[in-house]
Each structure stands twice: as C-alpha cells, then as structure tokens.
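**Q** Have a look at this one.
Here, each number is a calculation from the coordinates, and none is a lab measurement. Fair warning: this is a prediction, and the values are worked out from it, not measured in the lab. Reconstructed Cβ throughout: ideal geometry from the backbone, glycine too, with neighbour counts over all protein chains shown.
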Amino acid sequence: MAANLNVVFMGTPDFAAVILQHLLSRPQTMISAVVTQPDRPKGRGRKLTPSPVKLLAQENGLHLWQPATLSGPQEKEFLASLAPDFLLVAAFGHILPQKILSIPGYDSLNVHASLLPKYRGAAPIQRALANGEAVTGISIMCMRPGLDCGPVLLQRPLPIGPQDTAATVHDNLAQLGGKCLVHTLDRWQAQDLVPVPQDES
C-alpha cells in the first residue's frame with residue numbers, strides 16, 4: 001500500500017467543498033490543514049457567513065485556517081511547518097504567490113473547471129455556456145506563476161446538454177473534479193503521470 005500523502009487543501013465555495021469531500025474519502029491522504037477565506041457578511045442582515053469549505057472542515061474535525069492574506073512571512077512559515085507533499089487548490093479566491101506555491105515537497109495542484117488552455121481565469125463555466133460550447137471539463141494542473149498556465153496532469157471532458165444550466169454544469173464539474181483529483185493522486189503515487197505543457201499556440 002502506498003504511503004500516505006500529507007496535503008493542505010485550499011478552497012472556499014461549494015465547488016471546492018465537493019472536491020474536499022472526495023478527498024476525505026481517499027484513505028491514503030492526510031489533510032493536515034484546510035485553508036479557506038475569512039467569513040464574509042451576507043444577506044440583508046450582513047451576518048458573517050462561513051464558507052462551505054469551512055463548514056465541511058469543521059464537520060470532519062479538520063484543522064482550519066482562515067488567513068486574511070497569504071503574503072506575509074508568518075503565513076509562509078505556518079504552511080511550511082506543516083511540511084505538505086502537496087498544496088491542493090480549488091476555487092480558493094486568491095492568486096497564490098510563488099513563495100507559497102514552492103512550499104510543498106512535490107507540487108501545488110489546481111482543479112480548474114475547463115479544458116485548459118481554454119477559459120483560463122475566472123468564471124470558466126459561465127464563459128463556456130455563453131460561447132455555446134458542447135463540451136467542457138476538468139483540468140488538474142501544476143500551479144506556476146501566471147494565470148492557469150502550468151503543465152496539465154489530467155483532463156476529463158464533460159458534455160454540456162441542451163437542458164444544462166450553469167448550476168447543473170457546476171455541480172457535475174465539481175463531482176468530476178473531485179474524482180479527477182483523487183485519480184491524479186493515485187496515479188502520482190503509482191508514478192504514472194507525465195505533466196503536459198499547455199498549448200500556447
């Protein structure tokens with residue numbers, strides 16, 4: 001049996017919570033911390049509301065961290081003290097500086113809701129639908145400086161049907177993203193992955 005991987009998960013909305021749930025089902029993964037955005041005021045009463053990832057982390061007794069920023073030396077020191085093999089990122093909400101991306105022993109991986117290099121950046125689901133795409137998908141990529149430009153480890157397509165909405169595509173991609181991330185970690189431990197540079201042409 002493969003040794004456990006020590007990971008830090010970083011994410012915020014429902015999309016990320018679904019992916020974290022898949023990660024929790026992988027016995028060979030030790031989640032040493034979950035990093036999510038600080039609680040935000042919502043609704044008419046502007047009540048501070050925790051993120052879906054925070055709620056799931058609390059339900060499962062995971063170590064939770066909600067930094068206001070990741071740019072200071074204390075934040076880097078804290079993450080480095082966890083000695084993660086991977087940072088696993090899904091819709092975290094901030095661009096991560098290189099000093100954070102370089103902390104893990106293996107790499108920092110991002111779950112992106114498009115077939116890169118298409119629809120890099122924000123709102124890939126909405127842009128795919130607005131452009132009438134018949135297929136979208138999930139990319140698991142190694143994070144590098146720049147916008148979603150690192151080499152891709154795994155991609156899986158998802159057809160968009162005539163009845164699909166942004167909500168159904170979102171939910172289907174979240175489930176697919178969780179499965180793809182678990183599969184990526186399995187293949188990484190089996191030494192069965194080759195990073196493929198994105199086509200910049």
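**Q** If you place +1 on the Cβ of every Lys and Arg, -1 on the Cβ of every Asp and Glu, and leave all else neutral, what size is the dipole of the chain about its Cα centre, to the nearest 20 Debye?
**A** So the dipole magnitude of the chain works out to roughly 560 debye.
**Q** Go ahead and set up a Gaussian network model of the chain, Cα springs under 10 Å, then flag whichever of 108, 25, 139 fluctuates most.
**A** Checking each option, the largest mean-square fluctuation is seen for 25.
**Q** How many angstrom separate the Cα center of region 80-122 from the Cα center of region 137-201?
**A** 12 Å
**Q** Under a straight-distance cross-link criterion of Cα-Cα below 17 Å, which lysines are reachable from residue 179, leaving out those fewer than 8 residues away in the same chain?
**A** Here the lysines satisfying the reach criterion relative to residue 179 do not exist.
**Q** In addition: Over the chain, calculate the relative contact order: mean separation of alpha carbon pairs under 8 Å at least 6 apart, over the residue count, as a percent.
**A** So the answer I get is 20 percent.
**Q** Same structure again: Hydropathy first: keep DSSP H helices in the chain averaging at least -1.0 on Kyte-Doolittle, then drop any whose Cα extent along the axis falls short of 18 Å, and list what survives.
**A** In the chain, the long hydrophobic H runs are 166-189.
**Q** Between residue 192 and residue 129, how many nm apart are label points set 7 Å from Cα along the C-beta direction?
**A** Placing both labels 7 Å along Cα→Cβ, they lie 3.5 nm apart.
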